[in-house]
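Taking it in order: structure first as structure tokens, then the write-up.
Derivation of every value follows stated rules applied to the coordinates shown; laboratory data play no part. These figures come from a predicted structure and were not determined experimentally.
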Amino acid sequence: MADLGGIGDKAKDFAGSEKGEKATDAGLDKASDAADSASGGKASDKIDSAEQAADKKIGDQ
């Protein structure tokens with residue numbers, strides 16, 4: 001069985017890099033756009049707040 005602990009460390013290191021920051025920002029943007037579309041724009045403020053909170057937790061910049 002693979003060392004899953006090492007995978008988590010690598011993911012954390014990647015997310016903290018400049019390239020990782022760009023990738024996580026793109027993923028969060030895509031997810032928030034999909035959620036906004038699914039809600040018909042009715043929850044835009046809450047979705048934007050959640051996206052910003054997630055970016056602070058995940059991202060480094």
**Request:** On a 0 to 90° scale, report how tilted helix 44-58 is relative to the longest principal axis of the chain, with both axes built from alpha carbons and the result rounded to the nearest 10.
**Result:** 10 degrees
**Prompt:** Which number gives the lysine pairs in the chain that have C-alpha atoms under 24 Å apart and are eight or more places apart or on different chains?
**Reply:** 23
**Asked** Applying the Karplus parametrisation 6.51 cos²θ - 1.76 cosθ + 1.60 with θ = phi - 60° to the phi angles of the stretch 19-28, what ³J(HN,Hα) value in whole Hz is obtained for each residue in order, glycine and proline being reported as x?
**Response** 5, x, 4, 5, 5, 5, 4, 5, x, 5
**Message:** How would the stretch 4-58 be classified by its alpha-carbon gyration tensor: rounded, prolate or oblate, with rounded meaning a/c under 1.5 and the a/b versus b/c comparison settling the rest?
**Reply:** prolate
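What number, in percent, do you get for the relative contact order of the chain if the mean sequence gap of Cα pairs under 8 Å and at least 6 apart is divided by its residue count?
Numbers: 31 pairs, mean separation 26.0, N = 61.
Computed value for the chain: 43 percent relative contact order.
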